[in-house]
Amino acid sequence: MSLYNDHFKIIEQRLSNALNATQYDGVVIHSGSPQKIYLDDQSYPYKVNPHFAYWVPMTDCPDSFVAFKPGKKPLLIVLQADDFWHTQPQLSQGPWLELFETTSVPNLAQAEQLLADYKQCAWLGDTPHMPIQWGFETTNPDDLLAYLHYDRAEKTAWEIELLTTANEIAAKSHLAARDAFLAGASEIDIHNQYLLAMGGPESSLPYSSIVALNNHGAVLHYDKYETTAPEQSIAFLIDAGARHHGYVADITRTWSAPGHSEFQQFIDRIDSEQLALIDSLAVGQAYADYHYDMHIRLANVLEDFKLINCSADEAVANGVTKAFFPHGLGHLIGLQTHDVAGHQIDHHGTKADTSDGHPFLRLRRDITEGMVFTIEPGCYVIDQLLAQHGEANVINQERVEWLRPYGGVRIEDTVVMKDNKPVNLTRPGFAKLA
Ligand code: GLY
Ligand code: MN
Ligand code: MN
């Protein structure tokens, strides 16, 4: 039995349980349609509906369908349009084909006919006019989606394999980007080296890469690519991923130029705190507790590097660590970079309490076996946030001026919980190439 077959059985059971709990007859999952740009005849890059890719690892077959009723072999309808302007998807060989009643159609009218017996099913997809025109009564029902989204946090062995490969591709590309940084390349040239190593177009990235030289690393979502290199590149923060059959890698690394040994020590320290935190992860604990723990770890780093005038304990208590590390420790990851249901604490869609003063924390569930998430601590010079503590004199401005030209540091890996142990899916990809 292939890993895919096991995956199929698990998600078939999950969907059957969800339908049983919510009382829908079945589902029709639409892979999505390319979306036209306003007043234009071009489309935005097509992104597959993750519910579709969960079943069939084909990410480039718009207007295709998976139709499922419990106890029946699911139907896979792939549109191979009668259209000479575009390439058409091929039914890529794989174990999925024999598990579906698979058929290709030349137009949507034929797909509609094949789905005639499924009109009592819930439609899952983002093209609202199509289910209405085709006579479906229920589109994206909240109760069914909540059930399905909750389960997606725990990955099957097949999904872990795809995530591992995505991380290997991204690791290789990160090292190509690092080499370009060390050679003095501009941000756009580094970005292009990354894509070249990845072997895919920009539109296949899971998110806009952050390619930040020097103080640009302090802009959390820096998405410009400067076309000229700075006079001196002393620091490089890159947050960039890759996809494999839809599954996402999301990796951040920070590199120092030779001769900046104190900044290198600062990177090494954040890196070792990140690794120690990962080592401490356990099933049954609240993810948020690790986020709070990272604030304590960071406070000690700030104290040791003399970035604060107060004690580590005070830095946590008065919120100074939040000025240096304003984002969350991490998030669920899978078919989406920020995978669904990070704030959902049960199958019914109950939302977690978010009133703890950490508004950007995206994962507030207890850690469970098979759960996959990122761990991505950071520390930056963000004047807007540091200024909020200016009057209290708790921040050592002189040392902030030391860190400022480097921008900041973030280290981000993906972890899966396996046999109640954290398994790092990102580091082996780098280690293989060392
Ligand atoms: N690259 C997006 C994130 O780290 O969450
Ligand atoms: Mn992330
Ligand atoms: Mn990231």
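The values are calculated or read from the model by the stated rules, or taken from the named source; none is laboratory data. A quick note: this is a predicted structure, and the numbers were derived from the prediction, not measured. FYI the Cβ positions are ideal-geometry reconstructions off the backbone, even for glycines, and counts take in every protein chain you see.
On the basis of being surrounded by fewer than 19 Cβ atoms within 10 Å (Cβ to Cβ) and either among the aliphatic types (A, V, I, L, M) or within 25 Å of SER204 (Cβ to Cβ) (or both), does ALA111 make the cut?
no
A quick yes/no check of all residues on (1) assigned to a loop (DSSP other than H, G, I, E, B); (2) away from ligand 1 (no atom under 16 Å from the Cβ):
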| site | (1), (2) |
| --- | --- |
| ASP293 | no, yes |
| ARG297 | no, yes |
| ASN300 | no, yes |
| GLU303 | no, yes |
| CYS310 | yes, yes |
| ALA315 | no, yes |
| ALA323 | no, yes |
| PRO326 | yes, no |
| GLY330 | yes, no |
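Out of curiosity, is GLU273 buried (at least 16 other Cβ atoms within 10 Å of the Cβ), part of a helix (DSSP H, G or I) and acidic (Asp, Glu)?
So GLU273 passes the test.
PHE360 - would you say it is under 19 Å from the mean Cα position of the chain (by Cα), surrounded by 20 or more Cβ atoms within 10 Å (Cβ to Cβ) and either modelled with pLDDT of 95 or more or assigned to a loop (DSSP other than H, G, I, E, B) (or both)?
Here the answer is no, as PHE360 does not meet what is asked.
Can you pull out every residue in segment 322-351 that is farther than 30 Å from ASP383 by Cα and without any contact (Cβ under 8 Å) to a residue 24 or more places away in the chain?
Passing the criteria: ILE345, THR350, LYS351.
Residue-wise test of (1) within 16 Å of ligand 3 (Cβ to nearest atom); (2) at pLDDT below 95; (3) of a type in the set (Gly, Ala, Ser); (4) farther than 28 Å from GLU262 by Cβ.
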residue: LEU307; (1), (2), (3), (4): no, no, no, no
residue: SER355; (1), (2), (3), (4): no, no, yes, yes
residue: THR368; (1), (2), (3), (4): no, no, no, yes
residue: GLU376; (1), (2), (3), (4): yes, no, no, no
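Here are ALA242, ALA235: which of them is within 16 Å of ligand 2 (Cβ to nearest atom) and either buried (at least 20 other Cβ atoms within 10 Å of the Cβ) or within 18 Å of TRP402 (Cα to Cα) (or both)?
ALA242
Anything in segment 339-356 that is part of a loop (DSSP other than H, G, I, E, B), more than 16 Å from ligand 1 (Cβ to nearest atom) and farther than 27 Å from SER272 by Cβ? List them, or say none.
Correct list: ILE345, ASP346, HIS347, HIS348, GLY349, THR350, ALA352, ASP353, THR354, SER355.
Step by step: first the residues of segment 196-212, then only those that are in a helix (DSSP H, G or I) and within 16 Å of ligand 1 (Cβ to nearest atom), then the one that is surrounded by the most Cβ atoms within 10 Å (Cβ to Cβ). Which residue is that?
Among them, the one singled out is MET198.
Across segment 234-250, which residue is nearest to ligand 3 (Cβ to nearest atom) among those that are out of contact with any Phe, Trp or Tyr (no Cβ under 9 Å at 6 or more places or on another chain) and assigned to a strand (DSSP E or B)?
If we take residues in segment 234-250 being out of contact with any Phe, Trp or Tyr (no Cβ under 9 Å at 6 or more places or on another chain) and assigned to a strand (DSSP E or B), then ALA249 is nearest to ligand 3 (Cβ to nearest atom).
If you go through segment 250-288 one residue at a time, how many are at positive phi and either in contact (Cβ under 8 Å) with a residue 12 or more places away in the chain or within 16 Å of ligand 1 (Cβ to nearest atom) (or both)?
The number of residues fulfilling the criteria is 1.
How many residues, within segment 14-47, are touching a Gly at 6+ places or on another chain (Cβ under 9 Å) and crowded, with 20+ Cβ neighbours inside 10 Å?
Qualifying residue count, segment 14-47: 7.
Condition first: more than 19 Å from the chain's Cα centre (by Cα) and part of a strand (DSSP E or B). Now tell me which residues in segment 377-408 satisfy that.
Once the filter is applied, which keeps residues that are more than 19 Å from the chain's Cα centre (by Cα) and part of a strand (DSSP E or B), segment 377-408 yields CYS379, TYR380, ILE395, GLY408.
Looking at segment 296-343, which of the residues that are closer than 17 Å to ASP356 by Cβ and of a type in the set (S, T, N, Q) is surrounded by the fewest Cβ atoms within 10 Å (Cβ to Cβ)?
ASN318
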